1. Can you give me the relative contact order of the range 37-88 as a percent, contacts being Cα pairs under 8 Å and 6 or more apart?
2. Could you go through the range 124-134 in sequence order and give the Karplus-derived ³J(HN,Hα) for each residue, using 6.51 cos²θ - 1.76 cosθ + 1.60 with θ = phi - 60°, rounded to whole Hz, and x for Gly and Pro?
3. For residue 251, enumerate residues with amide H under 5 Å from its amide H, sequence gap 5+ or separate chain, H modeled in the peptide plane.
4. Using 0.36 nm per residue, how much length does the chain from residue 226 to residue 70 gain when fully extended, once their Cα-Cα distance is taken away?
5. Would you mind checking which residues have amide H under 5 Å from residue 140's amide H? H placed 1.01 Å from N; only 5 or more apart, or other chain.
6. Quick one: if you stick a label point 7 Å off each Cα along the C-beta vector at residue 44 and residue 63, how many nm between them?
7. Sort 89-99, 114-124, 175-185 by packing, meaning the average of other beta carbons within 10 Å per residue, with the highest value first.
8. Rounded, prolate or oblate: which fits the range 97-203, taking a ≥ b ≥ c as square roots of the Cα gyration tensor eigenvalues, rounded meaning a/c under 1.5, else prolate when a/b beats b/c?
Amino acid sequence: MEYDGSMTDRRGGRAQGRGPSTRAVHGATDAPGGAMSTPIQHSSTFAFPSLEAMDAAQALGPAGAYYQRLGHPTLRACEERLAALEEAEMALLFPSGMAAISAAFLAHVKAGDHIVALAQTYGGTRVMLEWGAARLGWSFDLVDAREPGSWERAFRANTRIFHVESPTNPVLCVVDLAAAAQLAHRHGALLAVDNTVASPLYQSERWNQGAFQYQFAVSNGTHTVILKFAEIYFTLVGQRVFNVVINGQTVLSSFDIVASAGGRFVAIDRQFTVNVTNGLITIQLIPVAQNPKINAIEID
């Protein structure tokens with residue numbers, strides 16, 4: 001049996017029902033019937049059999065099919081899939097990244113408010129911060145992404161947003177998003193995260209703080225489990241990364257990796273022998289530091 005990244009997984013003990021590869025294509029739930037893939041609606045406006053039907057569609061807002069600016073089935077389908085991948089309440093599509101960032105700033109910051117952002121932030125965001133300071137009356141301070149211990153000094157009583165990127169574009173500084181969120185919330189501010197280089201899929205708080213669990217039905221007896229990890233990023237030599245628990249037993253608590261200074265991406269395979277008595281192999285990954293990504297699980 002081989003896990004290909006799209007089977008059922010459980011995160012933090014809560015069943016998700018579908019893996020990220022499946023959710024990216026089909027969403028979090030089964031289609032109601034008909035087409036196997038989500039139909040693409042090319043129209044920006046829609047006809048209705050009655051005024052009542054039009055009012056009902058308009059009342060649905062983004063979930064309706066009334067007018068593209070208010071709600072469109074194709075856009076909504078994409079937003080639902082993005083939200084399912086990130087385990088968010090909902091997503092909102094914009095025509096560009098700067099449109100999304102500008103909307104976040106304009107919705108939450110007014111004249112006299114303050115923003116903290118990374119000095120390594122995207123150039124367009126820097127221009128937006130300067131434009132808002134000159135024309136709308138907000139202020140901002142920049143902090144070094146490489147020195148998280150200095151961030152808190154930039155916060156003020158009127159700070160409304162802490163804006164970060166991870167990895168930053170283009171110099172690829174990596175931010176501890178959980179720590180950034182805690183800092184922002186402690187000061188009553190929101191955390192905004194831009195991401196150009198890497199998918200946010202494996203940067204969620206659930207991934208960083210909760211366990212991933214995979215279950216396989218097998219025959220009783222002795223089995224060999226091979227875990228193949230890909231895209232594990234080490235910033236320190238011998239850094240403790242995550243615990244691996246198989247059928248309740250911690251089989252691996254750290255990787256002692258001789259990595260080059262400054263960090264690099266590495267791929268690792270590990271093999272374990274498991275004695276099964278209940279017909280199940282349960283594999284848990286409990287992240288401790290940087291983020292592992294399972295490429296495949298093979299069970300003989």
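Read-outs: derived from the displayed coordinates by stated rules, not from any lab. A quick note: this is a predicted structure, and the numbers were derived from the prediction, not measured. Cβ atoms come from the backbone with ideal geometry, glycine included; neighbour counts cover every protein chain shown.
1. Working: 46 pairs, mean separation 15.5, N = 52.
That works out to 30 percent.
2. Each residue of the range 124-134 in turn: x, 5, 4, 4, 5, 4, 5, 4, x, 5, 6 Hz.
3. Amide H neighbours of residue 251: 244, 245, 246.
4. Details: separation 156, 0.36 × 156 = 56.16 nm, distance 4.89 nm.
Full extension of this stretch gives 51.3 nm more.
5. For residue 140, the qualifying residues are 115.
6. 2.6 nm
7. Numbers: 89-99: 11.6, 114-124: 20.0, 175-185: 16.7.
Peptide ranking by packing, descending: 114-124, 175-185, 89-99.
8. Values: a/c = 1.62, a/b = 1.22, b/c = 1.32.
Judged from the Cα gyration tensor, the range 97-203 comes out oblate (a/c at least 1.5, b/c at or above a/b).
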